[in-house]
1. So, in region 1-29, how many residues would count as being assigned to a helix (DSSP H, G or I) and touching a helix residue (DSSP H, G or I) at 6+ places or on another chain (Cβ under 8 Å)?
2. Of the numbered conditions (1) more than 30 Å from PRO122 (Cα to Cα); (2) surrounded by 12 or more Cβ atoms within 10 Å (Cβ to Cβ); (3) of a type in the set (D, E, K, R), ASP75 satisfies every one except a single condition; which is it?
3. I need a count of the residues in region 47-64 that are over 18 Å from the mean Cα position of the chain (by Cα), part of a strand (DSSP E or B) and in contact (Cβ under 8 Å) with a residue 12 or more places away in the chain.
4. Within region 7-17, is there a residue that is surrounded by 16 or more Cβ atoms within 10 Å (Cβ to Cβ) and of a type outside the set (Ser, Thr, Tyr)?
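Each value in this text was obtained by applying a stated rule to the coordinates, not by laboratory testing. As the structure is a computational prediction, the values presented were derived from the model and not from experiment. Heads up, the Cβs are rebuilt from the backbone with ideal geometry, glycines too, and the neighbour counts pull from every protein chain shown.
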Amino acid sequence: MQVSVTYKNTEGESWLNDYVEERLKKLKKYIDNPAEARVVLSVEKFRNVAEVNLVAGGMVINGREEAKEIRVAVDSVIEKVERQIKKRKGKIRDHKVAGASRNENIGSVEAPLEDYEDMEHPKVVETRTIVLKPMFLEEAIMEMETSRNRFIVYRDSLSEKVCVIYRREDGDYALLEVNN
């Protein structure tokens with residue numbers, strides 16, 4: 001990877017060049033083709049700004065971060081660029097897998113079991129902790145109508161069961177009760 005470091009409003013130091021190059025080595029495992037990274041480090045009043053422009057194999061990724069310390073700004077911008085690379089690689093991989101499976105399975109009723117084993121499993125991307133409030137069904141419906149939530153999990157005041165209420169596509173509500 002070819003790295004160029006430019007400084008604005010500050011003096012360039014060799015340890016900082018080495019630090020930036022060391023941190024950019026972390027990105028090599030995601031990039032197959034020869035890549036070029038342009039890093040601009042600047043000081044604006046009390047802020048240290050790090051900008052990275054990465055060009056690799058037709059992919060252009062930019063990132064900019066500000067922090068009180070230059071090392072923190074460099075670390076943050078490289079993490080941001082790494083997330084962008086992972087996201088793009090994932091989209092390309094998912095697109096190729098979907099296109100290949102769609103073309104291979106035309107005319108067949110079932111896909112072989114091996115195809116399912118090779119496919120990636122869904123990932124948990126968000127976890128929420130819900131406090132079960134005791135309420136009546138009517139209260140849960142009123143809360144759904146006033147909030148933007150698609151569902152509500154609550155404890156029924158009469159039966160003490162855990163319930164989930166959600167809005168169906170036709171506009172009505174569906175109620176799920178958990179039996180212990």
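1. First, pick out the residues of region 1-29 that are assigned to a helix (DSSP H, G or I): 14-29.
From what is left, the residues that are touching a helix residue (DSSP H, G or I) at 6+ places or on another chain (Cβ under 8 Å) are 16, 19-20, 23-24, 26-27.
So the count comes out to 7.
2. Failed condition: (1).
3. Here the count works out to 11.
4. For region 7-17, residues surrounded by 16 or more Cβ atoms within 10 Å (Cβ to Cβ) and of a type outside the set (Ser, Thr, Tyr): present.
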